1. Please work out which residue is most open to solvent (accessible area, probe 1.4 Å), limiting yourself to the range 48-64 and to residues that are within 12 Å of the ligand (Cβ to nearest atom) and modelled with pLDDT under 85.
2. If I go through the range 663-688 residue by residue, how many of them are in contact (Cβ under 8 Å) with a residue 40 or more places away in the chain, outside any loop (DSSP other than H, G, I, E, B) and of a type in the set (Asp, Glu)?
3. Give the residue, chosen from Ser527, Ser533, that is touching a Cys at 6+ places or on another chain (Cβ under 9 Å), farther than 27 Å from Ala145 by Cα and at pLDDT 95 or above.
4. Which of the residues spanning the range 222-266 are small (Gly, Ala, Ser) and either within 21 Å of Gly666 (Cβ to Cβ) or not in a helix (DSSP H, G or I) (or both)?
5. So which pairs qualify, if the first residue must be in the range 53-72 and in contact (Cβ under 8 Å) with a residue 24 or more places away in the chain, the second must be among the acidic types (Asp, Glu) and not in a loop (DSSP other than H, G, I, E, B), the Cβ gap must be under 7 Å, and the two must be at least 6 apart or on different chains?
6. Kindly indicate whether Gly21 is modelled with pLDDT of 85 or more, within 12 Å of the ligand (Cβ to nearest atom) and in contact with a Lys or Arg (Cβ under 9 Å, 6 or more places away or on another chain).
7. Please give the number of the condition Arg415 fails out of (1) outside any helix (DSSP H, G or I); (2) closer than 14 Å to Arg196 by Cα.
Amino acid sequence: MDERTSGEQPEFRPYHHPAAGWGAARSVTEFLVRERELVDGPRAIMRMNHENGGFDCPGCAWPDDTKGLHLDICENGIKHVTWEMTRKRVGAEFFAAHTVAELSEWSDFELEDQGRLTEPLRYDPGIDRYVPISWPEAFALFGRAMAELDSPDQASFYTSGRLGNEATFLYQLMAREFGTNNLPDCSNMCHEASGRALQASLGTGKGTVDLKDWEMTDALFILGVNAASNAPRMLTSLAEAYRRGAQIVHINPLVEAAATRTIIPHDFARMATFKATRTSTLNVQPRIGGDMALVRGMAKAVFEEAEHDPKAVDAEFVDRHTTGFDDYRALCEATPWPEIERQSGVSRAVITAAARVYCEADRSIFSWCLGITQHEHGVDTVREIVNLLLLRGNLGREGAGPSPVRGHSNVQGNRTCGIDHRPDEAFLDRLAEVCGIEPPRAHGLDTIGTIEAMHRGEVKVFVGMGGNFALAAPDTPHTFAALRKCALTVQVSTKLNRSHLVHGEQALILPCLGRTEKDHQRGGLQSTSVEDSMSMVHLSRGMKRPASPHLLSEPAIIAGLAAAALPGSRTPWQRYVEDYDRIRDTMAQVLDGFEDFNRRVRLPLGFRIRQPARELIFHTPSGRAEFSTAELPDVVPADGVLALGTMRSHDQWNTTIYSDDDRYRGIKNLRTLIFMNAEDMRDRGIGEFDRVDITSTARDGSTRTLNRYQAIPYDIPRGCAAGYMPEMNVLCALGDYSTQSDQPIMKHVAVTVEPSA
Ligand code: SF4
């Protein structure tokens, strides 16, 4: 992996300004100037996230404003869109001038900064370059490779969370008609724990609250989320909550920008007067992995409170709608405070203070993201959060409930529309009935399973629908080696990235339309739909001329691949592509909650997929909400070892790097860094910016090292450290995935840090 420097000296100056505000305005202006998008940029911004004829931001999955806000955007959303709209182009000429070996020396920023891919390309091993290929030839090449497989399970179909619902449905249909459930997705690395925990506790894999609930709640608990960078419009909800007197408790080893104060750019009066609003009333910094113990402590404090105020627990709700309450109470009472303090890294006094906020609030929402899910015990922690919510009946009523934050704009939609390597029988039955295929019943491979199977030579054809698989996955060199063992790798992308250079024996790059671009088909200008973190499904329609006349839409590419891989298929692939309403009509018959899809998705703001748990209907074995009783895990690192969490900077989106800066953490011109506690640095004789070697030790005892990184003293609990993905994915062993969620454990890597020689 390249150690990129921007040539300028690294700087570290703790950030004390409000989140968003003038800092965001200046950053956006600099970005638009740098990308030379001073005309189309603002035009697109004015159409982003608008319900009638606008396009959905290709960034995160935060829901759209419900009150018709005109500028319903954020700094990072503008970067994502501007990055896609760049005028720079990468075509045959570029690839004729650069070998893959040469490009492999370039940094990830430099690769993506080359611009939009303009035509389909085939890898030519003879000259180690990509050369143009026509679409029919590309599809035929794919068809031949698929025909050569001994089993459908020798192919695997990866989805990154940007794929729209209609393309998602066609993609899973192709894989299943071909005969496999090998449907890994980026959710395998990020949100699996949330889905499995909510399914076990409430009988649904999703949150039950929507944005209106956020506007009504009395208390917000935000766990393991860096909202100001990864769901920036949450700042608006936090500021409004604070102004109406709600309590806001941030629980995170790092006090991130959203846990301080903000100026919302579309609040012109406050912008003009530099008037910031707080976005937190209490910040709690547990050790990495200490959230479960912290939540257990809050529940214990609620039970102690109930000894003198019975209303602290909603006994009626518990009796009517839950099961397992007594066992959970017994477990909480039996969990000693000293153990809770040790495992959480937080004092009883602070935990009790957080519990008091919870008890004093009539309605509470708990919201979380990767800081909770990317751990061995991610499922248990989410279930512990639900336990706490159940204690006070914070479910099935306005202003209350679980609200997981999803990363990518349509990652939830992907799962809803069939991207699931463990599909349920009912879905497969309906798919078989409606689409006239015999879908495979055996569970398929997820992301880790796919990489392991590539290594064993059992997966020979890999298709990446968007994203940057090679970098997003853990154990980078191991993942690279796996991809290089494939007979064929196919990447459907908008921009050049590392996954194009880490390819199989044969390789195809298939350039697709971006979210901002018009998608003309025989049936006219097409719209696609997405589902946000709060189960709202709405349309997105491009407004710009495509970057090249040779681009195809994602549905059209999938239809081309399917027709080639499935000769004799009776699925109307071409008819689907001519008019996406036809895809939606089929989805309405197959998918729960999508009835009358075409009419409802055209309603203002679209429609919300029904959440039975919101109506206190629980599709659990008991038919009730189920308390869990998991033992607290031991998350305290051994002496000399630190627990490292990988994270994103403010100037990146997943594996896309916009610059070496991380404004909210006070960093300029540096990504090869590790944030450490100042005392932990002193113990190791390490000063600010000193070069260090970071070595991780995996469960199987194998070690992985990053050399000559630079140490930054940061407000993080002792025994903890943090650094950036994808660079630090090198330290995450492929085999170190959660036994509960199968998610790679990227937020809790055991490392040692020593001064570099
Ligand atoms: S909050 Fe998320 S979806 Fe909204 S504009 Fe920002 S990045 Fe895009």
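The values are calculated or read from the model by the stated rules, or taken from the named source; none is laboratory data. As the structure is a computational prediction, the values presented were derived from the model and not from experiment. Virtual Cβ from ideal backbone geometry, glycine too; neighbours counted across all protein chains shown. All accessible areas refer to the heavy atoms of the entire protein, side chains included, with ligands and DNA or RNA removed. Shrake-Rupley method; radii C 1.70, N 1.55, O 1.52, S 1.80 Å.
1. Quick first cut of the range 48-64, residues within 12 Å of the ligand (Cβ to nearest atom) only: 48-50, 54-64.
Still in the running and modelled with pLDDT under 85: 49-50.
Values: Asn49: 13, His50: 40 Å².
My answer is His50.
2. Selection size over the range 663-688: 1.
3. Of Ser527, Ser533, the one residue that is touching a Cys at 6+ places or on another chain (Cβ under 9 Å), farther than 27 Å from Ala145 by Cα and at pLDDT 95 or above is Ser533.
4. Just the residues of the range 222-266 that are small (Gly, Ala, Ser), to begin with: 224, 227-229, 231, 237, 239, 241, 245-246, 257-259.
Passing the criteria: Gly224, Ala227, Ala228, Ser229, Ala231, Gly245, Ala246, Ala257, Ala258, Ala259.
5. Going by the 7 Å Cβ cut-off, the qualifying pairs are Pro58/Glu84.
6. Details: modelled with pLDDT of 85 or more: yes; within 12 Å of the ligand (Cβ to nearest atom): no; in contact with a Lys or Arg (Cβ under 9 Å, 6 or more places away or on another chain): yes.
No: the conditions fail for Gly21.
7. For Arg415, the exception is condition (1).
To keep it simple, each residue is scored yes or no on (1) within 14 Å of the chain's Cα centre (by Cα); (2) within 16 Å of the ligand (Cβ to nearest atom); (3) basic (Lys, Arg).
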residue	(1), (2), (3)
Glu192	yes, no, no
Arg196	no, no, yes
Ser201	no, no, no
Asp210	no, yes, no
Asp213	no, no, no
Ile222	no, yes, no
Val225	yes, yes, no
Met234	no, yes, no
Ile248	no, no, no
